[in-house]
Amino acid sequence: MGKFSRSWELVKQSFAILKSDKQLMLFPILSAACCLVVTILIATGGTLLTLPSFAAAAAAGEKWTPAHAPFFYPVLFLLYVANYFVIVFFNVALVGVANSRLVGGTWTMRDGLELAWARKGTILQWALVAATVGIILKTLEERMGLIGRIVMRIIGVAWALACYFVVPVLAFEDLTPIEAVQRSSKLFKDTWGEKVTGGFSLSLVFFLLALPGIGLFVLSIFVGFGAQSFALVGVCFVLMMLYFLLLSVVSSAVQGIFNAALYRYACFKQVPPAFSGDLITSAWTPKA
């Protein structure tokens, strides 16, 4: 309950910043749209490249596997890198504008995009590193037994914590991807220590906020009969999906805002005026 109350307070305080600059919600929208376009383009190209291998496998009476298509894994890696690049690009822009708002600045969406564009080379390098690590961890996890999968999960969590501040570091510090990970890890350790657990659970907050959408859809199933009932269910389903999309956008924006606030606290021990000091310092709490 303590974790939930802190998380809810975080959402409320972050909403205050979102209310003052609703443009921040455009960054997650643009990120999702660009990821969709990039995925469609790369998937279409990859499918066209692998079609001959499908035909060859069918002609030989064999079941198709990625081994039949030499382009399969390079295309898959390209898909990972492209999506990582797009996501981090817009996250850097979001954190840049959020940081400006936290210190009373007047950055606009254009300023955030210009910051991300100026860092495009470093962001691409980081996308290559992140995609490589992600694929390696996923491959090892799939090939190991239960104990191995648990170990890989632990390594994955450790990697995620070490990279927590990578986006703001890429945005505000002129470092290489490896240096950015080292810097992010150092900020995390120096501020909250090594043996910590999450003091917040934003996913829990937004899960609870999603319940009304689920409830509306479930209720529509049990109300009415016949053609009108199907129409009602269809309308409620569309409304539920739109509501989920809105929650997803708000969740991404809130996470970006708080990430910028934590970065400022980790670097300068300054609590932004929009947040309470206790909220920031309890972002991670010691493990029992």
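Tabulated data
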| read-out | value |
| --- | --- |
| Extreme residue, farthest from L94 (Cα to Cα), among residues of region 256-280 that are without any contact (Cβ under 8 Å) to a residue 12 or more places away in the chain and in a helix (DSSP H, G or I) | D278 |
| Some residue of region 78-99 being of a type in the set (S, T, N, Q), farther than 22 Å from V129 by Cβ and touching a residue at least 12 places away in the same chain (Cβ under 8 Å) | yes |
| Selection status of W107, without any contact (Cβ under 8 Å) to a residue 24 or more places away in the chain, on the phi < 0 side of the Ramachandran plot and touching a helix residue (DSSP H, G or I) at 6+ places or on another chain (Cβ under 8 Å) | yes |
| Yes/no for P74 being part of a loop (DSSP other than H, G, I, E, B) and either over 23 Å from V250 (Cβ atoms) or open to solvent by 70 Å² or more (accessible area, probe 1.4 Å) (or both) | no |
| Residue check for A43: within 22 Å of A131 (Cα to Cα) and either surrounded by 12 or more Cβ atoms within 10 Å (Cβ to Cβ) or among the small types (G, A, S) (or both) | yes |
| Qualifying residues in region 15-29 (those that are open to solvent by 60 Å² or more (accessible area, probe 1.4 Å) and at pLDDT 90 or above) - the one nearest to Y73 (Cα to Cα) | I29 |
| Among (1) part of a helix (DSSP H, G or I); (2) surrounded by 13 or more Cβ atoms within 10 Å (Cβ to Cβ), the one test that W64 misses | (1) |
| Subset of region 242-288 that is among the polar types (S, T, N, Q), open to solvent by 50 Å² or more (accessible area, probe 1.4 Å) and over 22 Å from M109 (Cβ atoms) - its residue that is modelled with the highest pLDDT | Q270 |
| Subset tally (residues that are open to solvent by 60 Å² or more (accessible area, probe 1.4 Å) and assigned to a helix (DSSP H, G or I)) for region 92-114 | 3 |
| Filter pass, I221 being open to solvent by 70 Å² or more (accessible area, probe 1.4 Å), modelled with pLDDT of 75 or more and farther than 23 Å from V92 by Cβ | yes |
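The values are calculated or read from the model by the stated rules, or taken from the named source; none is laboratory data. Note that the coordinates shown come from a computational prediction; the quantities given were computed from them, not determined experimentally. No Cβ is skipped: glycine too gets one built from the backbone with ideal geometry, and neighbour counts run over all protein chains shown. All accessible areas refer to the heavy atoms of the entire protein, side chains included, with ligands and DNA or RNA removed. Shrake-Rupley method; radii C 1.70, N 1.55, O 1.52, S 1.80 Å.
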